[in-house]
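Asker: Structure provided below as structure tokens; questions to follow.
The values are calculated or read from the model by the stated rules, or taken from the named source; none is laboratory data. Source: prediction; values computed, not measured. A quick note on method: Cβ atoms are made from the backbone with ideal geometry, for glycine too, and the neighbour counts reach across all protein chains shown.
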Amino acid sequence: MAVVSGTVLAQAQGGKPALDANKDGVIDRQEAAAFPRLAERFDQLDRNKDGKLDRDEMPRPPRHARHGHRGPHGFGPMAPFAGADKDGDGRVSRAEALAAATARFERMDVNKDGFIDEADRKAMREQWREAWFKKVDTDGDGKLSREELDAAKARHGHGPMREHAPAAK
């Protein structure tokens, strides 16, 4: 189980209980008890010994996890198992791993022929492009305006489009 800080403390993900169940900005012993691995380390993490874990006391997730998942498959050694811990015990069992792998295969086998091949890869890429375009085309006119594209870039931390000067001859 990756323990994360910030606003994620208050959010439930994938139907699992939220770390910060009462949304007070800290994790107390009772809230930590729902996450065995966190509960096990609670006293060690509670550096100021106030019986609560605040943002500064929470361990940082591994570097690859801090940047979030990109595309449908994510990065890092546990990416294939993201969301696989269905019983919320902080561990992925063999059954949970097999179910996650099967579900991932089913998503990747776009044409449902029982194999993942180049045609599926192209189909997944096209589905992603269509979904991205639909999300960015906020007025639904089938065209992207400069404002819509700039807004999409801003959501991802990029600046607005700029005109490029013609190349010098």
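Asker: Quick check on D85: is it at pLDDT 75 or above, crowded, with 16+ Cβ neighbours inside 10 Å and under 26 Å from E126 (Cα atoms)?
Answerer: Taking the combined requirement at face value, the residue does not satisfy it.
Asker: Moving on. Find the residue count for the range 38-54, including only residues that are surrounded by 14 or more Cβ atoms within 10 Å (Cβ to Cβ) and of a type in the set (D, E, K, R).
Answerer: Here the count works out to 4.
Asker: For the range 82-131, give me the residue count where each residue is of a type outside the set (K, R), within 27 Å of A39 (Cα to Cα) and assigned to a loop (DSSP other than H, G, I, E, B).
Answerer: 10
Asker: Out of D43, D50, I need the residue that is farther than 30 Å from R121 by Cβ, assigned to a loop (DSSP other than H, G, I, E, B) and at pLDDT 85 or above. Which one?
Answerer: Exactly one residue qualifies, and that residue is D50.
Asker: Here is a check on your reading of the model: is A2 of a type outside the set (D, E) and at pLDDT 65 or above?
Answerer: no
Asker: Are any of the residues in the range 136-150 over 30 Å from L19 (Cα atoms), within 21 Å of the chain's Cα centre (by Cα) and either in a helix (DSSP H, G or I) or modelled with pLDDT under 85 (or both)?
Answerer: Yes: one or more hits.
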